[in-house]
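Structure, as structure tokens:
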Amino acid sequence: MFPEESRAAVRARIEVLRRERLAYKQEGMETRQALAKSEAYCRALEAQVTVLETEARRYEWQRQAADDLAVQHIIRPRPKRG
């Protein structure tokens with residue numbers, strides 16, 4: 001078998017590898033959490049963009065309606081005076 005020093009070295013190496021595995025596992029969990037948070041933030045931003053685009057279209061429709069009314073007022077026949 002192995003001399004006692006070798007067994008101690010192997011056990012120490014196993015312990016180091018276990019700690020590294022645990023650290024990588026923890027890092028992986030943190031990375032997945034960060035990704036989920038980032039994706040949720042991205043979805044929230046996309047929703048805000050949709051709302052702003054809808055508001056911009058509504059304002060454009062309102063502007064166009066006001067322009068149309070102004071044009072109608074300008075070209076409306078006026079009663080003759082006098």
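So which of K25, K37 ends up being part of a helix (DSSP H, G or I), among the basic types (K, R) and under 16 Å from the mean Cα position of the chain (by Cα)? Even if it seems obvious, please write down each step before you answer.
Details: K25 fails: under 16 Å from the mean Cα position of the chain (by Cα).
Of K25, K37, the one residue that is part of a helix (DSSP H, G or I), among the basic types (K, R) and under 16 Å from the mean Cα position of the chain (by Cα) is K37.
Is one or more of the residues making up the range 67-76 loosely packed, with under 10 Cβ neighbours inside 10 Å and of a type in the set (A, V, I, L, M, F, W, C)? Yes, that holds for at least one residue. Restricting to the range 40-72, name every residue that is within 20 Å of the chain's Cα centre (by Cα) and of a type in the set (G, A, S). Once the filter is applied, which keeps residues that are within 20 Å of the chain's Cα centre (by Cα) and of a type in the set (G, A, S), the range 40-72 yields A40, A44, A47.
No value in this document is a laboratory result; all are computed from the given coordinates. All values reported here derive from a predicted model rather than from experimental measurement. Here Cβ is always computed from backbone atoms with ideal geometry, including for glycine, and neighbour counts include all displayed protein chains.
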